[in-house]
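Please read the structure below before turning to the comments.
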Amino acid sequence: MIFAVILSVFLFFNLFYIVARVKNDFSIIDTAWGLSFALIFYCSYFFSPYSSTFRVDLMGALVLIWALRLSGYIFLRSRKLGKEDYRYAQWRKDWGEKANIIAYFKVFMLQALLSLIIASPLLFIHLKPSSIGFGTAGDYIGLSLWIIGFLMEVVADQQKANFKRLPENEGKVLDQGLWRYSRHPNYFGEALLWWGMGILALAEIPFYQAMFGPLLLNIFLLKVSGVSLLEEKYIGNSEYDTYKKRTNAFIPWRPKTDGVH
């Protein structure tokens with residue numbers, strides 16, 4: 001089963017790499033990311049020798065809802081943009097003539113590996129039979145965190161899309177709605193829902209198997225591909241510097257200076 005899952009993820013990201021080459025757009029990988037998690041779950045589900053449970057089915061439904069929403073949102077956003085995302089365009093420029101081969105390993109294969117690691121609880125829950133029925137405290141805590149995180153991510157993305165849709169906001173900083181309390185509420189929602197998924201998995205698998213994936217995702221969102229990478233875009237932007245001084249980077253909280261926007 002594990003080999004089948006690894007092979008399916010490898011082929012999946014290679015397919016997106018081929019599409020990226022044809023379209024000359026590496027940023028298509030962002031659309032693939034969420035869908036790969038659903039692939040890992042349902043491939044594991046199909047090849048598992050054990051009967052499914054309500055908890056496992058619920059986790060499958062949750063990951064599918066998340067994956068379709070996120071990938072659909074990114075796909076529509078990229079179509080509206082009509083060009084390669086600035087991050088990938090800069091990497092293409094930096095890598096020069098070797099951009100295609102470097103992107104294959106540093107973007108597509110790296111994300112294939114990361115998706116397997118971060119989504120590993122979705123694989124591990126299919127490796128052993130379940131003996132605990134749904135209804136534990138962890139089930140309700142995990143599901144609650146997932147719902148809160150998902151709603152926060154959806155609302156934050158929509159608020160940002162609505163803000164960018166108005167021509168008068170071009171070049172301005174969004175500091176209203178959820179963005180008043182966190183500079184990256186969508187990333188916080190993403191982290192929260194995956195912590196919730198990990199807690200849901202605790203009734204099925206050991207702590208380290210359930211929590212390593214959410215922990216790694218949290219680290220990447222904060223230190224690698226999320227907050228730190230995105231904020232490089234605003235270096236030297238005085239309006240963003242002011243916003244940064246009064247607003248938490250990740251965890252939503254009351255602004256340090258109220259009433260000044």
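Derivation of every value follows stated rules applied to the coordinates shown; laboratory data play no part. Values in this document were obtained by computation on a predicted structure and should not be read as measured data. Glycine gets a Cβ as well: all are built from the backbone with ideal geometry, and neighbour counts include every protein chain shown.
Put simply, the convex hull of the Cα atoms in the range 188-244 casts, on average, a shadow of 4.2 nm².
Treating only the Cβ atoms of Lys and Arg (+1) and Asp and Glu (-1) as charged, compute the dipole magnitude of the range 133-255 about its Cα centre; round to the nearest 20 debye.
380 debye
Coupling constants for the range 143-153 follow from the phi torsions by the Karplus curve (6.51 cos²θ - 1.76 cosθ + 1.60, θ = phi - 60°), and in residue order they are 5, 5, 5, 4, 5, 4, x, 4, 4, 5, 5 Hz; glycine and proline get x.
Per the Kirkwood formula on distinct C-alpha pairs, the Rh of the range 1-131 is how many angstrom?
15.7 Å
Placing +1 on each Lys and Arg Cβ and -1 on each Asp and Glu Cβ, with no other charges, gives the range 14-163 a dipole about its Cα centre of roughly 420 debye. For Ser144 and Ile117, a Förster radius of 22 Å and the Cβ-Cβ distance give a FRET efficiency of 0.30, rounded to the nearest 0.05.
Pairs exceeding a 27 Å alpha-carbon distance, out of Lys98/Lys244; Lys23/Lys164; Lys172/Lys245; Lys106/Lys245: Lys98/Lys244; Lys106/Lys245.
What FRET efficiency would be calculated for the residue pair Tyr208, Ile18, taking the C-beta separation as r and a Förster radius of 41 Å, to the nearest 0.05?
0.70
Length gain on complete extension for the stretch Asn100 to Phe75, per 0.36 nm per residue less the alpha carbon to alpha carbon distance?
Working it through step by step, the gained length comes to 6.9 nm.
A simple charge model with +1 on the Cβ of Lys and Arg, -1 on the Cβ of Asp and Glu and nothing else charged puts the dipole of the chain at about 460 debye relative to its Cα centre. Treating r as the C-beta distance of Lys245 and Ala137 and R0 as 25 Å, the FRET efficiency rounds to 0.05. By other beta-carbon atoms within 10 Å, ranking Arg254, Arg183, Arg92, Arg69 with the fewest at the front produces Arg254, Arg69, Arg92, Arg183. Were the residues from Leu151 through Lys93 laid out at 0.36 nm apart, the gain over their Cα-Cα distance would be 17.2 nm.
Helix 207-223 axis versus longest C-alpha principal axis of the chain: approximately 10°, rounded to the nearest ten. Ranked by the mean number of other Cβ atoms within 10 Å of their residues, highest first, the peptides 230-239, 3-12, 148-157 fall in the order 148-157, 3-12, 230-239.
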